[in-house]
Every structure is written in structure tokens, then in C-alpha cells.
1. Here are some residues: Gly62, Gly25. Which one is more than 9 Å from the ligand (Cβ to nearest atom), surrounded by 10 or more Cβ atoms within 10 Å (Cβ to Cβ) and of a type in the set (Gly, Ala, Ser)?
2. In this structure, does Tyr48 turn out to be touching a strand residue (DSSP E or B) at 6+ places or on another chain (Cβ under 6 Å) and not acidic (Asp, Glu)?
3. Would you mind telling me which numbered condition in (1) buried (at least 16 other Cβ atoms within 10 Å of the Cβ); (2) under 30 Å from Glu73 (Cα atoms); (3) modelled with pLDDT under 95 Thr6 fails?
4. Could you list, in sequence order, the residues of the range 43-59 that are surrounded by 11 or more Cβ atoms within 10 Å (Cβ to Cβ) and away from the ligand (no atom under 11 Å from the Cβ)?
5. Within the bounds of the range 59-76, is there any residue that is farther than 28 Å from Met1 by Cα and β-branched (Val, Ile, Thr)?
6. Quick one: how many residues across the range 66-94 are within 8 Å of the ligand (Cβ to nearest atom) and surrounded by fewer than 10 Cβ atoms within 10 Å (Cβ to Cβ)?
7. Kindly indicate the residue of the range 30-85 that is of a type in the set (Val, Ile, Thr) and assigned to a loop (DSSP other than H, G, I, E, B) and also farthest from Cys12 (Cα to Cα) among those meeting that condition.
Amino acid sequence: MLCTTTREGMECNFMSPKGCRFTAGTCHPIVEACQGCDRTVTAGEQAYCKSYPDPASKWRNGPCNFATHIKVESKESAKINPLKASKRASAKKK
Ligand code: SF4
């Protein structure tokens, strides 16, 4: 539904016929870490996120999972089942 408050005229999943359903009835401006993300939109003099109404909370516990301007590297390497690895190694020897 189209926003009729903070981002007037823009599509928003939190908008309802009764108004904005997000906490406090409005979305929040982007934070510094959002700079460069393709999901930012400008409404008035503020920039907002198209995907999430509270950008600060998306960065609270690490990088935002919707961000388009960063690459999150996996900390875990692929898990290898030792039993299967052993079978694979012995199959190659034959
Ligand atoms: S997707 Fe994440 S990084 Fe991009 S503007 Fe929204 S909150 Fe910020």
C-alpha cells in the first residue's frame, strides 16, 4: 500500500487503511552504515530504507542482511563429514 505519512506516495508493507502499522507510526531515517546501499530512498530531507523501517536495528547485531553495498563473508568454512571424506579419499586410491 502507498505510504501517506513519512514516505508519502511510496510503496510500503507497513501501511494499512488505518495508517502506518510500524512502532510509533513512522519509519526511521537510515544510519551512517547504510550509506551506499541501493535500498535507500529520499523523502523530504531525510533518507529512508525501502526494505526496513528501522535501519539502526538492522545494524545492531552486525551487518544488515538486506544491504546491497557490502559482502558478508562466511566465517565458517564448509563442514566436512570426516567419515565421507575418508571414504572419498579411499575411493580415489583404488
Ligand atoms: S537494506 Fe539495510 S543497509 Fe540498506 S538502507 Fe536498509 S537498513 Fe540500511
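The values are calculated or read from the model by the stated rules, or taken from the named source; none is laboratory data. Keep in mind that what you see is a predicted model, and the values were worked out from it rather than measured. In this analysis, Cβ positions are derived from the backbone assuming ideal geometry, glycine residues included, and neighbour counts consider all displayed protein chains.
1. Of the residues listed, the single one that is more than 9 Å from the ligand (Cβ to nearest atom), surrounded by 10 or more Cβ atoms within 10 Å (Cβ to Cβ) and of a type in the set (Gly, Ala, Ser) is Gly25.
2. Answer is yes for this residue.
3. Thr6 satisfies all of (1) buried (at least 16 other Cβ atoms within 10 Å of the Cβ); (2) under 30 Å from Glu73 (Cα atoms); (3) modelled with pLDDT under 95 except (2).
4. Ala43, Gln46
5. yes
6. Matching residues across the range 66-94 total 0.
7. Restricting to residues being of a type in the set (Val, Ile, Thr) and assigned to a loop (DSSP other than H, G, I, E, B), the top hit is Ile80.
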